[in-house]
């Protein structure tokens with residue numbers, strides 16, 4: 001399966017994106033994948049200006065696939081694997097974080113080709129972010145998703161959601177999310193270098209829940225991939241992420257929030 005996905009990714013990078021066709025069998029494009037990423041993060045935001053520790057390790061189980069009308073992406077993160085006292089997650093109440101993003105294809109559901117222009121496929125899109133405790137991050141998102149054809153990048157996921165804060169029991173603005181995976185250099189042994197990343201941008205957030213109405217983050221990764229392994233570096237850019245104004249009071253440890261800036265991610269991956 002991994003060889004098949006590798007071949008498909010290389011073909012997709014060099015060929016035009018075609019409209020999804022489910023007229024004869026909605027399961028003909030099914031696939032699944034699973035990998036474990038051993039990560040280390042530096043300068044992750046948001047953070048307190050008074051924090052004396054920086055950086056943390058974590059193990060990420062990342063997965064995705066397609067089954068009939070359903071498209072799925074998700075991951076589970078486990079922080080500070082060794083219980084170190086010298087990491088910025090040492091005193092965190094959250095040991096784990098999970099993102100779960102199922103989408104339901106409107107093309108496959110209706111049996112009709114809903115593509116137009118650069119839009120390859122349409123979805124009912126959902127997203128769930130769950131922290132490791134009841135008072136932490138518990139958000140759900142609902143909206144419209146799509147796969148679109150972008151010059152050079154190829155197929156790009158683009159979703160627009162309304163955000164429902166489960167803790168507050170209230171709606172709080174909107175989010176635009178996009179993601180991409182672009183192999184751009186292939187070696188003679190079949191391994192390749194890719195540019196991969198995502199953008200999450202929130203807007204229209206309410207003043208009673210957020211210190212600014214908009215903000216977000218962009219991840220830019222350069223990765224080497226083989227059939228079973230990947231090694232990569234990611235540069236993540238933040239601007240008032242999660243609706244926290246950079247420099248506003250009060251962050252944890254009594255400091256102010258640092259919610260804008262740059263962080264660095266280092267990753268070694270094993271693919272199942």
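The values are calculated or read from the model by the stated rules, or taken from the named source; none is laboratory data. Keep in mind it's a predicted model, so treat the numbers as computed, not measured. Positions of Cβ are generated from backbone atoms using ideal geometry, with glycine treated the same way; all protein chains shown enter the neighbour counts.
Odds and ends about this structure:
- Residues in segment 85-115 that are in a loop (DSSP other than H, G, I, E, B) and modelled with pLDDT of 85 or more: 95, 111, 112, 113, 114, 115.
- Within segment 152-188, restricting attention to residues that are in a loop (DSSP other than H, G, I, E, B) and free of Cβ contacts under 8 Å to residues at least 12 places away in the same chain, the residue that is surrounded by the most Cβ atoms within 10 Å (Cβ to Cβ) is 187.
- Residue satisfying all of: in segment 227-272; within 23 Å of residue 57 (Cβ to Cβ) and assigned to a loop (DSSP other than H, G, I, E, B); modelled with the lowest pLDDT among these: 251
- Taking (1) in a strand (DSSP E or B); (2) free of Cβ contacts under 8 Å to residues at least 24 places away in the same chain in turn, residue 196 satisfies each apart from (2).
- Flag if residue 243 is at positive phi, surrounded by 14 or more Cβ atoms within 10 Å (Cβ to Cβ) and under 20 Å from the mean Cα position of the chain (by Cα): yes
- Against the test of being surrounded by fewer than 18 Cβ atoms within 10 Å (Cβ to Cβ), touching a residue at least 12 places away in the same chain (Cβ under 8 Å), touching a strand residue (DSSP E or B) at 6+ places or on another chain (Cβ under 8 Å) and more than 27 Å from residue 47 (Cα to Cα), the options 191, 213 yield a single qualifying residue, 191.
- If you go through segment 34-55 and keep only what is in contact with a strand residue (DSSP E or B) (Cβ under 6 Å, 6 or more places away or on another chain), more than 13 Å from residue 268 (Cα to Cα) and either touching a residue at least 60 places away in the same chain (Cβ under 8 Å) or part of a strand (DSSP E or B) (or both), you end up with 34, 42, 43, 44, 45, 46, 47, 49.
- Screening residue 135 on (1) at negative phi; (2) in contact (Cβ under 8 Å) with a residue 24 or more places away in the chain; (3) part of a strand (DSSP E or B) shows it passes everything except condition (3).
- For residue 238, the conditions (1) in contact (Cβ under 8 Å) with a residue 60 or more places away in the chain; (2) under 18 Å from residue 269 (Cβ atoms); (3) surrounded by 14 or more Cβ atoms within 10 Å (Cβ to Cβ) are fulfilled apart from (2).
- Taking the conditions (1) in a strand (DSSP E or B); (2) surrounded by 20 or more Cβ atoms within 10 Å (Cβ to Cβ) in turn, residue 128 satisfies each one other than (2).
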